[in-house]
Amino acid sequence: MVLSTTNAIGWKARGFALKGIDGKTYSLSDVRGPKGTLVVFICNHCPYVKASIDRIVAEAKALGEIGVGTIAIMPNDTESYPEDSFDNMKAFAAKHGFTFPYVIDTSQEVAHAYDAQCTPDFFGFNAQDELQYRGRLDASRMTPVAARRDLFEAMKMIAETGHGPKEQLPSMGCSIKWRR
């Protein structure tokens, strides 16, 4: 288990051009919403992602309705973790009804640029591409519990004010599987 860091609020989103499971290449400008952008690092094999993916998909849909765009980036080493392969990404997204781009970071450069720590790891940016949220989805871990919607509430605040909450609790998940 790894916790994300919640410091360094305010830095500008890093650009990227990553291949999506639909064969298109996506950049930050392709997914940016008029009121903000959510960049999520996930993978297919992590138990924390598996336990929360349906809630992530639901929150991404709800965020889209308030003007926040979402992209999911798979950063893991697929040779060491074949469950995270591009073909398995397609199946995972189809199974869970993704309504947002799911892209692969084969070089792991984007994950390094964002200082991604775990899967899932959430980066919430305002309309000026400034990081305003680096926290958790909600209080659930492996079992969903009735809990405050931390990510949604933070992104709603960002969409409305341009700023995230002062208190942010880190996301928890599996470590990024870096190439050696």
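General remarks:
- The set of residues from the stretch 127-145 being modelled with pLDDT under 95 and among the aromatic types (Phe, Trp, Tyr) is empty.
- Across the stretch 161-178, the qualifying residues are those that are among the hydrophobic types (A, V, I, L, M, F, W, C) and under 19 Å from CYS43 (Cβ atoms), and the one among them that is least open to solvent (accessible area, probe 1.4 Å) is ILE176.
- Looking only at the stretch 102-126, residues that are under 21 Å from TYR48 (Cβ atoms) and part of a loop (DSSP other than H, G, I, E, B) come to 6 in all.
- Of all residues making up the stretch 113-134, the number that are of a type in the set (Gly, Ala, Ser) and either in contact with a Ser or Thr (Cβ under 6 Å, 6 or more places away or on another chain) or open to solvent by 10 Å² or more (accessible area, probe 1.4 Å) (or both): 2
- For beta carbons closer than 7 Å, sequence separation of 6+ or different chains, a first residue in the stretch 105-126 that is at pLDDT 95 or above and a second that is of a type in the set (Lys, Arg) and surrounded by fewer than 19 Cβ atoms within 10 Å (Cβ to Cβ), the qualifying pairs are GLN108/ARG179; VAL110/ARG14; ALA113/ARG14; TYR114/ARG14.
- Filter result (open to solvent by 40 Å² or more (accessible area, probe 1.4 Å) and touching a helix residue (DSSP H, G or I) at 6+ places or on another chain (Cβ under 9 Å)) within the stretch 140-160: ARG141, MET142, THR143, PRO144, ARG149, LYS156
- Conditions (1) open to solvent by 10 Å² or more (accessible area, probe 1.4 Å); (2) in contact (Cβ under 8 Å) with a residue 12 or more places away in the chain; number of the one not met by GLU65: (2)
- The residues of the stretch 127-180 that are touching a Phe, Trp or Tyr at 6+ places or on another chain (Cβ under 9 Å), in a loop (DSSP other than H, G, I, E, B) and under 28 Å from PRO34 (Cβ atoms), listed by number, are ARG134, GLY135, ARG136, LEU137, ASP138, GLY164, PRO165, GLN168, SER171.
- Condition broken by ASP84, with the remaining ones in (1) without any contact (Cβ under 8 Å) to a residue 40 or more places away in the chain; (2) open to solvent by less than 10 Å² (accessible area, probe 1.4 Å); (3) of a type in the set (Asp, Glu) satisfied: (1)
- The selection criterion, being in a loop (DSSP other than H, G, I, E, B), small (Gly, Ala, Ser) and under 20 Å from THR119 (Cα atoms), holds for ALA8.
- GLY23 open to solvent by 50 Å² or more (accessible area, probe 1.4 Å), on the phi > 0 side of the Ramachandran plot, without any contact (Cβ under 8 Å) to a residue 60 or more places away in the chain and outside any strand (DSSP E or B): yes
The values are calculated or read from the model by the stated rules, or taken from the named source; none is laboratory data. These numbers were taken from a predicted model, which means no experiment stands behind them. Methodologically, a virtual Cβ is constructed for each residue, glycine included, from the backbone with ideal geometry; neighbour enumeration extends over all protein chains shown. The protein model used for the area step is the full one, side chains on, heavy atoms only, and it has no ligands, DNA or RNA in it. Shrake-Rupley method; radii C 1.70, N 1.55, O 1.52, S 1.80 Å.
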